[in-house]
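Have a look at the structure below before the remarks.
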């Protein structure tokens with residue numbers, strides 16, 4: 001039965017809302033391939049009904065934890081370990097302590113420094129390719145996917 005864009009399937013004595021793989025992919029702006037990958041890696045546990053994947057609120061929380069971990073720069077292995085350590089009932093959290101947060105901040109700073117050096121080197125290479133008379137714009141980025149020419 002379809003209601004409001006989500007599938008509804010009776011489970012035990014209650015009616016539970018499930019999202020299809022396409023619906024959850026659209027809602028969270030991830031690919032269906034990524035969802036299957038997370039499932040294959042043991043990070044995501046959708047319900048299977050007649051072979052189709054359906055995502056309930058527990059699976060949705062799992063996906064939110066995965067996406068949060070990725071935003072914070074953790075590997076999928078780290079996300080799986082942290083989510084298992086932080087599991088309370090069926091809700092997963094990254095269970096980060098101050099030492100993990102500090103270590104991740106340091107790692108991200110080192111990565112940013114390396115990325116900034118790589119950008120500087122590539123810009124110097126581009127200037128050398130174009131020659132001194134070429135007024136090539138300098139490319140600056142504020143956020144992922146954003147490029148500004150100065």
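Here is how the numbers come out for the structure above:
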{"item": "In nm, spacing of pseudo-spin labels at residue 107 and residue 71 (7 Å Cα→C-beta vector)", "result": "1.8 nm"}
{"item": "Efficiency of FRET between residue 47 and residue 93 - r from beta-carbon atoms, R0 25 angstrom, step 0.05", "result": "0.70"}
{"item": "Residue-span extension gain [residue 37 to residue 85] - 0.36 nm each, minus C-alpha spacing", "result": "15.2 nm"}
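Each value in this text was obtained by applying a stated rule to the coordinates, not by laboratory testing. Here the structure is a predicted model, which means the values were calculated and not measured. Glycine gets a Cβ as well: all are built from the backbone with ideal geometry, and neighbour counts include every protein chain shown.
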